[in-house]
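First comes the structure, then the notes that go with it.
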C-alpha cells in the first residue's frame with residue numbers, strides 16, 4: 001500500500017524546517033497563501049550562545065516574527081497533541097496508522113541519520129521535528145519533508161533509518177499530531193504591513209550594528225561544528241534576501257519599474273555578498289589566520305546590514 005497526503009513542499013526559499021513545513025501545509029490547504037511567506041515578517045536576532053568548548057559568543061540569524069507564527073498557526077491548526085511512543089521500535093506502525101487517518105504528524109529525529117547530502121548527515125547529532133507526508137509499504141519507506149544541500153523537499157526515508165533516527169532523538173515529546181482547521185480564511189496581501197515591517201527591520205538592524213559577532217576560540221573551529229552551525233544561520237539570511245526579491249516583484253502596483261529594478265538588484269547583491277561571508281566562515285576551518293578572518297567577516301556583516309537599511313528606506317521613500 002502506498003499513501004501520500006495532499007501536501008506539497010514549499011521550495012521557493014528556505015528559512016528553517018519549521019517555517020517551510022508551516023507554509024507548505026498552509027499553501028497546500030489554501031492556495032491564496034502563496035504570497036504569505038514572501039512578506040517581510042522576519043526579525044534579525046542576535047543572541048548569546050555557548051560553544052561546546054564553553055566559549056560565549058554573539059550569533060546572528062533571521063527568524064519569522066512571533067506575530068507571524070501566532071497568526072498562521074492559529075489559522076492552520078485547530079488542535080495539537082503530543083506523541084509519546086512507549087516503545088520507539090513500534091513507531092513505524094503508530095505513524096502509519098495516524099497518516100492513514102489523514103492526521104498531520106511530525107516526529108523528533110536525530111539528523112545524523114536522516115537525510116543524505118545534508119549538513120548533519122553522519123556528522124552532527126542535531127535534532128528537530130520532521131513532517132511525515134506518507135509511506136509506501138512495498139518499498140518500506142516513509143515520505144518526509146525536510147532539507148538537504150539541494151533545498152527543502154520531500155525525501156524517502158527507509159523504515160530502518162526512520163526507526164534509528166527516532167530512537168536516537170532525545171527530544172520530548174517524541175512528536176506531535178495536528179488537527180487542521182475546518183475553515184481557513186483566505187489570505188489578503190497588505191502593503192501597509194510590508195511598510196510597517198520595513199520600519200521595524202531598520203530599527204532592529206540599527207540596534208545590532210554596534211555588536212561584535214562570532215568571536216570564537218581556536219578550539220571552537222577545530223571540530224567543524226561551529227562553522228556548519230554559523231554557515232546555516234547565514235544561509236537563512238541569504239534565503240531571506242531571495243524572498244525579499246520575490247516580494248518586490250509582487251509590488252508592481254505600488255513601486256515604479258525603475259525603483260523596483262534598483263531594489264531587486266540590491267537584493268541580488270545582498271545574496272551574493274552574504275554568500276561570500278558564508279564561504280569565508282567555511283574557510284576559517286582550514287585557515288591559520290582565523291582571528292583576521294573573523295574581523296573581516298564582522299566588517300562585511302556591518303556593511304551588508306547597512307545596505308539592507310538603505311534598501312528598506314528606498315522602498316519607504318518611494319511609496320506614499
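Computed from the coordinates by the stated procedures, all read-outs in this text should not be read as laboratory data. Computed from a predicted structure; not experimentally measured. Virtual Cβ from ideal backbone geometry, glycine too; neighbours counted across all protein chains shown.
Given R₀ = 56 Å, what would the calculated FRET efficiency be for residue 32 paired with residue 222, taking r from the Cβ atoms and rounding to 0.05?
0.70
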Check: If r is the Cβ-Cβ distance from residue 67 to residue 138 and R0 is 51 Å, what FRET efficiency results, to the nearest 0.05?
Finding: 0.70
Note to self: Using a 7 Å offset from the Cα along the Cα-to-Cβ direction at both residue 181 and residue 101, what is the distance between the two label points in nm, to one decimal?
What the structure shows: 2.3 nm
Margin query: Which residue fluctuates most in the GNM of the chain (Cα springs below 10 Å): 11, 71, 138?
Written below: 138
Check: Sorting 228, 220, 160 on the 10 Å Cβ count, fewest up front, what's the list?
Finding: 160, 228, 220
Next item on the list: Return the calculated 222 nm mean residue ellipticity for the chain, to the nearest 500 deg cm²/dmol, obtained by summing -39500 (n - 2.57) across DSSP H runs with n ≥ 4 and dividing by the residue count.
Entry: -15500 deg cm²/dmol
Checklist line | Efficiency of FRET from Cβ geometry, residue 48 and residue 3, R₀ 45 Å, rounded to 0.05 | finding: 0.50
Checklist line | Within a Gaussian network of the chain (alpha carbon springs, distance under 10 Å), most fluctuating of 22, 255, 38 | finding: 255
Checklist line | Residue order, fewest to most beta carbons within 10 Å, for 126, 121 | finding: 121, 126
Margin query: So if each residue of separation counts as 0.36 nm, and I subtract the Cα-Cα distance between residue 295 and residue 80, what length gain in nm does that give?
Written below: 72.9 nm
Next item on the list: Give me 144, 46 ranked fewest to most by other Cβ atoms within 10 Å of their Cβ, as a rough exposure proxy.
Entry: 46, 144
